[in-house]
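The values are calculated or read from the model by the stated rules, or taken from the named source; none is laboratory data. Just so it is clear, the structure is predicted and the values come from calculations on it, not from any experiment. Because the Cβ atoms are built from the backbone with ideal geometry, glycine has one as well, and the counts that use them run over all protein chains shown.
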């Protein structure tokens, strides 16, 4: 019982930290509400700021990718209780994000600045649509398992059956689509914002390929059929009609 209370408390701490980091990200990217934003702060020379920000992005991508790989999970489960493994991944992701918020060097020179009122409203709407898609897609498809709650309550990390609820029937990776939409939909795009959005675009294109290799290995022909019938990121297919969805 004491162990269960400890692991649940640890999960709650990690999850609350993640929630704060995620909410802060919306203000950081949107240049509003938060203490620091992607375009605020003292401005260093462009090359110096560029090198620092690239290093921060590489740190995040490395942490997010390496800790999610099967070989890494097997290695650190040798010394970490399995009940803490997923929660620790969530905590590490949140801490790296906080580090970026603190250390990010602004490059506020504008790449584009859209003044048309209707276009600004449209882009603001797409910004919130993107992040809402991330939240809804997560809740529809194993959010609590992804956040480590099953492990914290003493259950083993299970291979979930392939499910395609809601937006998963239109694209295979709606959370990635929502993230990209939230990063790119802005009426004012600075150099720093462009770097952040562009680097994440490259990372997403690579990450979905790595993830799908694991999914094919896990679900086999079932996921292969899903790949054939549902687009990876773009909900539109060019040059033909889309076939029926996989079950």
So residue 96, is it modelled with pLDDT of 95 or more and over 23 Å from the mean Cα position of the chain (by Cα): no
Qualifying residue in segment 39-51 (condition: touching a strand residue (DSSP E or B) at 6+ places or on another chain (Cβ under 7 Å), under 23 Å from residue 131 (Cα atoms), modelled with pLDDT of 90 or more and crowded, with 16+ Cβ neighbours inside 10 Å): yes
Condition met for residue 169 (under 20 Å from the mean Cα position of the chain (by Cα) and at pLDDT 90 or above): yes
Residue list for segment 198-221, filter: under 17 Å from residue 65 (Cβ atoms) and touching a helix residue (DSSP H, G or I) at 6+ places or on another chain (Cβ under 8 Å): 199, 200, 201, 203, 204, 207, 208, 210, 212, 214, 215
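Answer yes or no as to whether residue 164 is within 29 Å of residue 116 (Cβ to Cβ) and either at pLDDT below 90 or surrounded by 19 or more Cβ atoms within 10 Å (Cβ to Cβ) (or both). So that I can check it myself, show each step before the final result.
Numbers: within 29 Å of residue 116 (Cβ to Cβ): no; either at pLDDT below 90 or surrounded by 19 or more Cβ atoms within 10 Å (Cβ to Cβ) (or both): yes.
No; evaluated as a whole, the condition is false for this residue.
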Positions within segment 138-152 being surrounded by 15 or more Cβ atoms within 10 Å (Cβ to Cβ) and either farther than 11 Å from residue 165 by Cβ or modelled with pLDDT under 80 (or both), in sequence order: 138, 145, 146, 147, 148, 149, 150, 151, 152
Of all residues making up segment 23-51, the number that are part of a helix (DSSP H, G or I) and either without any contact (Cβ under 8 Å) to a residue 24 or more places away in the chain or farther than 30 Å from residue 82 by Cβ (or both): 12
Matching option when the condition is surrounded by 17 or more Cβ atoms within 10 Å (Cβ to Cβ) and not in a helix (DSSP H, G or I), among 186, 179: 186
Residues (touching a residue at least 12 places away in the same chain (Cβ under 8 Å), in a helix (DSSP H, G or I) and within 21 Å of residue 213 (Cα to Cα)) located in segment 63-88: 63, 64, 65, 70, 73, 86
Any hit, segment 112-129, residues being assigned to a loop (DSSP other than H, G, I, E, B), surrounded by 19 or more Cβ atoms within 10 Å (Cβ to Cβ) and in contact (Cβ under 8 Å) with a residue 24 or more places away in the chain: no
Criterion violated by residue 231 - all others in (1) part of a helix (DSSP H, G or I); (2) surrounded by 14 or more Cβ atoms within 10 Å (Cβ to Cβ) satisfied: (1)
